[in-house]
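Each remark here refers to the structure printed beneath this line.
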Number of protein chains: 6
Amino acid sequence: MPYVNIKITRDGATAEQKKALIAGVTQLLVDTLGKNPATTTVIIDEIDTDNWGLGGRPVTELRQESK
Amino acid sequence: MPYVNIKITRDGATAEQKKALIAGVTQLLVDTLGKNPATTTVIIDEIDTDNWGLGGRPVTELRQESK
Amino acid sequence: MPYVNIKITRDGATAEQKKALIAGVTQLLVDTLGKNPATTTVIIDEIDTDNWGLGGRPVTELRQESK
Amino acid sequence: MPYVNIKITRDGATAEQKKALIAGVTQLLVDTLGKNPATTTVIIDEIDTDNWGLGGRPVTELRQESK
Amino acid sequence: MPYVNIKITRDGATAEQKKALIAGVTQLLVDTLGKNPATTTVIIDEIDTDNWGLGGRPVTELRQESK
Amino acid sequence: MPYVNIKITRDGATAEQKKALIAGVTQLLVDTLGKNPATTTVIIDEIDTDNWGLGGRPVTELRQESK
């Protein structure tokens, strides 16, 4: 019955990668807590880098500097 | 003052349907808990089926199988 | 498959009231969007009034004034 | 280490405005609670006005009336 | 930089189990998406069974029936 | 109309500190985006350090090491 929300920056994660993430986190909840996978919900939000801040600055800007 | 967040798969819900959902859940909070509708906030998130997992698999895949 | 999160102030909502809220919002998603109730998840968070702000002020304070 | 999620209606907030919001809320957590800005995360969600309800009605409709 | 929120029913998950969950989901984001573990945040919410609904009914009630 | 959710570790933040946080973030949304403070909602969640992970480890453990 768990509910998992994963937020990542929008960076072109593929459907295959998101499928692996959904499968992996669902299995992890089985392995660590014995949860029922059938009713485990996973929602992935992909966030624009202008809308994600770390250390007080947008990720867009942090990435330009580190290029 | 309640805050409600409803997540559904992105399936072409119309503005009229979302309006009915907003009106209905706001009224429900009046009826069940006596909440003030004027300050009740409802936010609907529509999620791509690649980004929603149930039973360890993306909804995109679950739907292809059930066709 | 919808996921609903309802946040209300912690005011002594009873188990019966929360049960009615869960039943009502699940049925609303059937009625407005044709969603499957079996996989609809509802989570209610009850929030201390010190931790809920409206209009820039804690609800604790707003309620003291309106007494 | 704080995590902040800010939801606003999608109204054309600029990258500069969102940058100011990220900087401001991160600094506020330093000033009020002594939090470490380096690990403070801020995520801004911009929500379509059809998907935001207040007082039981979509913001799209509320705005049309107030024109 | 990912942010993960995991909601489970309040059932006496131990600190060791939650530690394993935090480690596992952080590693999963490294393995599937190449994310930086140092800035990955995981927050676990434990929810009372009166406040969690599935299929339109509180988990408290679903569990009493299945005893 | 903005909605802000702030998650911090449960460390004894006082009602006065939370009041300052609510006032500050509401004013910030006025200053940066011209939002209406009257309908701005702020919710603060205080999270046990066993339930907050950073860098793949619970904050409880990170803090013991840094003592």
> Across 5 Å bins from 0, what is the distribution of all Cα-Cα pair distances for chain A, in whole percents?
Replying inline: 4, 15, 21, 17, 13, 13, 9, 6, 2
>> Just to be sure I understand: of the beta bridges DSSP finds with both ends in the protein assembly as shown, what percent are antiparallel, rounded to 5?
In response: 50
>> Using a probe radius of 1.4 Å on heavy atoms only, what accessible surface per residue do you get for chain A? Whole Å² is fine.
In response: 40
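Within chain D, what whole-number % of the accessible surface is contributed by carbon and sulfur, with the 1.4 Å probe and all protein chains included in the calculation?
49
Mind running the shape call on the protein assembly as shown? Use the C-alpha gyration tensor, a ≥ b ≥ c as the square roots of the eigenvalues: rounded below 1.5 for a/c, prolate if a/b tops b/c, oblate otherwise.
Judged from the Cα gyration tensor, the protein assembly as shown comes out rounded (a/c under 1.5).
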>> List the lysines whose Cα sits under 21 Å from the Cα of residue B:7, skipping any in the same chain fewer than 8 residues away.
In response: A:7, A:18, A:19, B:18, B:19, C:7, C:18, C:19, C:35, D:7, E:7, F:7
>> In square angstrom and rounded to 100, what buried accessible area do you get between chains D and F, total over both, with the probe at 1.4 Å?
In response: 2100
> Using the alpha-carbon atoms, what tilt in degrees (0 to 90, nearest 10) does helix B:15-33 show relative to the longest principal axis of chain B?
Replying inline: 50
> Say each of residue F:48 and residue C:57 gets a label point 7 Å from the Cα, pointing the same way as Cα to Cβ; how far apart are those two points in nm?
Replying inline: 3.5
> Restricting to chain A, what percent of DSSP beta bridges are antiparallel, rounded to 5?
Replying inline: 20
> Over what distance in Å are the Cα centres of the range B:32-67 and the range E:17-58 separated?
Replying inline: 18
> Expressed as a rounded percentage, what relative contact order does chain A have, with Cα pairs under 8 Å and six or more residues apart?
Replying inline: 43
> Counting each DSSP H run of 4 or more residues in the protein assembly as shown as -39500 (n - 2.57), what helix-only mean residue ellipticity at 222 nm follows after dividing by all residues, to the nearest 500 deg cm²/dmol?
Replying inline: -12500 deg cm²/dmol
> In debye to the nearest 20, how big a dipole does chain D give about its Cα centre with +1 on each Lys and Arg Cβ and -1 on each Asp and Glu Cβ?
Replying inline: 140
>> Which residue fluctuates most in the GNM of chain D (Cα springs below 10 Å): D:23, D:13, D:38?
In response: D:38
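The values are calculated or read from the model by the stated rules, or taken from the named source; none is laboratory data. Just so we're clear, the structure is a prediction, and the values are computed from it rather than from any experiment. With ideal geometry, Cβ positions are generated from the backbone for all residues, glycine too; neighbour counts draw on all protein chains shown. Quick note on the areas: whole protein, heavy atoms, side chains included, nothing else; ligands and nucleic acids left out. Shrake-Rupley method; radii C 1.70, N 1.55, O 1.52, S 1.80 Å.
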